[in-house]
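Q: Structure below; questions to follow.
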Amino acid sequence: MTVIEELQKASEDIINLTLDYSAKKLLLKEKEAKLMLETDFEEVLGKKRPTVDEKKAYITLNTLKDKEALDKSTAEMEKAKRTYEIRKLECKMTGNFLNTIAGVCDDDD
């Protein structure tokens, strides 16, 4: 695989991870909204008039796994971006990037 192909694949990975992150974020927001609108807080919290903070705490406790998945997705996306930038910098520093574009060397490793 040439350097350009590696960078192109890394770029595609970043796009896919970004789309995955966006989907997870939307699903989390949707779940939070549904919990806020559809939960009978008086029943689940056992209070006649639960406060907004109590409602938010209930929602947080019920979305922890979704938030963990979103955090993991964020970390994967950031790692891919950093790896791409490091690889690109490495190519520039070693001259492989320009050599590959010019067809001077073959980086099939």
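The values are calculated or read from the model by the stated rules, or taken from the named source; none is laboratory data. Because the structure is predicted, anything quoted here is derived from the model rather than measured. Backbone-built Cβ (ideal geometry, glycine too); neighbour counts: all protein chains shown.
Q: Select, from Lys81, Lys72, the only residue that is touching a helix residue (DSSP H, G or I) at 6+ places or on another chain (Cβ under 7 Å) and among the charged types (D, E, K, R).
A: On the way: Lys72 fails: touching a helix residue (DSSP H, G or I) at 6+ places or on another chain (Cβ under 7 Å).
Just a single option satisfies the conditions, and that option is Lys81.
Q: Kindly evaluate Glu42 against the criterion of being assigned to a helix (DSSP H, G or I), under 30 Å from Glu6 (Cα atoms) and at pLDDT 95 or above.
A: Numbers: assigned to a helix (DSSP H, G or I): yes; under 30 Å from Glu6 (Cα atoms): no; at pLDDT 95 or above: yes.
Spelling it out, it is not the case that Glu42 is assigned to a helix (DSSP H, G or I), under 30 Å from Glu6 (Cα atoms) and at pLDDT 95 or above.
Q: Further question: Quick test of your reading of the structure: Met1 fulfils all but one of (1) touching a residue at least 24 places away in the same chain (Cβ under 8 Å); (2) surrounded by 12 or more Cβ atoms within 10 Å (Cβ to Cβ). Name the failing condition by number.
A: That leaves (2) as the condition not met.
Q: Show the residue pairs that are 6+ apart or on different chains and have beta-carbon atoms under 9 Å apart, the first residue being within segment 53-78 and in a loop (DSSP other than H, G, I, E, B), the second being surrounded by fewer than 17 Cβ atoms within 10 Å (Cβ to Cβ).
A: Listed by first residue and then by second, the contacts come to Thr63/Leu28; Thr63/Lys31.
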